[in-house]
Amino acid sequence: MRAVASPAARTGAFVAVSVSSPARAGEASGVLLTFLVTLGAIALAGAAAAISAATPERPAEDVYDAILRLGGAAILACSLAVMAVRHRLVVLGRLPPLSLRTAEGEERLPEHRS
């Protein structure tokens, strides 16, 4: 049985792999994973601090709700920013599009840069 990469992986959709050489892709993905875990720990510490600071004035359920809503809004804003930046880079020709189909529905070959 042969492993097949997803279309997103074949077109370089993963930032950690696409900005580094193939020989250092594992290293880059490890750095990205470490960054994301650290960011999650910081967010958890911030949420805990906000809960402990706001609990005496407000019920805990209201604080939990506010933190979840704020987190959701932040995630939505970041995802929109990532999509806008990726679109701009595709328009400028710096990144390949995620789809291998043209607007007319024709299949096209991915471009390989050296």
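The values are calculated or read from the model by the stated rules, or taken from the named source; none is laboratory data. Since the structure is predicted, the reported quantities are computational estimates derived from the model, not experimental observations. Here the Cβ positions follow ideal geometry from the backbone for every residue, glycine too, while neighbour counts run over all protein chains shown. Note: areas computed on protein heavy atoms with side chains; ligands, DNA, RNA excluded. Shrake-Rupley method; radii C 1.70, N 1.55, O 1.52, S 1.80 Å.
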Between VAL31 and ILE75, what FRET efficiency comes out of the Förster formula 1/(1 + (r/R0)^6) with R0 = 22 Å and r the beta carbon distance, rounded to 0.05? 0.55
Percent accessible area from carbon and sulfur atoms, region 18-76, protein chains only, probe 1.4 Å: 74
How would you order 32-41, 47-56 from highest to lowest mean count of nearby Cβ atoms within 10 Å? 47-56, 32-41
